[in-house]
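A quick write-up on the structure given underneath.
Please treat every number below as a calculation from the coordinates, not as lab data. These numbers were taken from a predicted model, which means no experiment stands behind them. As a convention, Cβ positions derive from the backbone with ideal geometry for all residues, glycine included, and neighbour counts pool all protein chains shown.
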Amino acid sequence: MSEPETTVQTTVYVCTVCRAKDDPEVRPGQALLEAFDARLSPEDRAIVAAEPVECLGVCSRPCTVAMAARGKWTYVLGDFDSVDHVDDLVESARRYSASENGLVPKKDRPDAMRKGVVSRTPPGPFAR
């Protein structure tokens, strides 16, 4: 008997274009994406996928990520550190995935998620 297929429910998009403020040659989003992807457990990978994106339009707050899932609010989060906030990003993705509608109560958000909210967008009519 084969294992039931699991479907990724949450996608974490990481901007890989933003440049470090102090060194324009460094792209911290790429480092964050690689560290985040490496930190996901097999259980996490069943529900969370990491995807690079070329720009999230929040260049003043690198590293920037977006969390999205069908039928859920989408969060755009900025100011992630590619070293110090990897665990917060993993935990944020877990809590977002576990939420019914994508809204994670502020008191339940990891610190980097609590401080980094740039915006949240309701699910579009096509996703309901």
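Taking the square root of 5 times each eigenvalue of the Cα gyration tensor, what semi-axes in Å does the equivalent ellipsoid of the range 5-74 have, largest first? Provide the component values of the computation, followed by the final result.
Numbers: eigenvalues 121, 40, 10 Å².
So the three semi-axes of the range 5-74 are 25, 14, 7 Å.
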Longest principal axis of the chain (C-alpha) makes with the long axis of helix 28-39 (C-alpha) an angle, in degrees to the nearest 10, of 30
Partner lysines whose C-alpha sits under 22 Å from that of Lys107, ignoring same-chain residues fewer than 8 away, are Lys72, Lys115
Counting Lys and Arg as +1 and Asp and Glu as -1 over every other residue whose Cβ sits under 14 Å from the Cβ of Ser97, the net charge comes to +1
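Can you check what the Kirkwood hydrodynamic radius comes to for the range 68-128, Cα pairs only, in Å to one decimal?
On the way: mean 1/r = 0.0846 Å⁻¹.
One over the average 1/r among Cα pairs gives 11.8 Å for the range 68-128.
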In degrees rounded to 10, the 0-90 angle between helix 86-98 Cα long axis and the longest Cα principal axis of the chain is 30
At 25 °C and 0.890 mPa s, the Stokes-Einstein diffusion coefficient in µm²/s for the range 48-88, with hydrodynamic radius from the Kirkwood sum on alpha carbon pairs, is 217
Once amide hydrogens are built 1.01 Å from N within the peptide plane, the residues lying 5 or more places from Val118 or on another chain with amide H under 5 Å from its amide H are Val76, Leu77, Gly78
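Find the all-direction average of the projected area of the Cα convex hull for the chain, expressing the result in square nanometres with one decimal place. Intermediate results must be reported in sequence, preceding the final value.
Numbers: hull surface 34.5 nm².
That works out to 8.6 nm², a quarter of the Cα hull's surface.
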Scalar couplings 3J(HN,Hα) for the range 20-27 by Karplus 6.51 cos²θ - 1.76 cosθ + 1.60 (θ = phi - 60°), nearest whole Hz, x for Gly and Pro, are 5, 4, 8, 8, x, 7, 8, 10
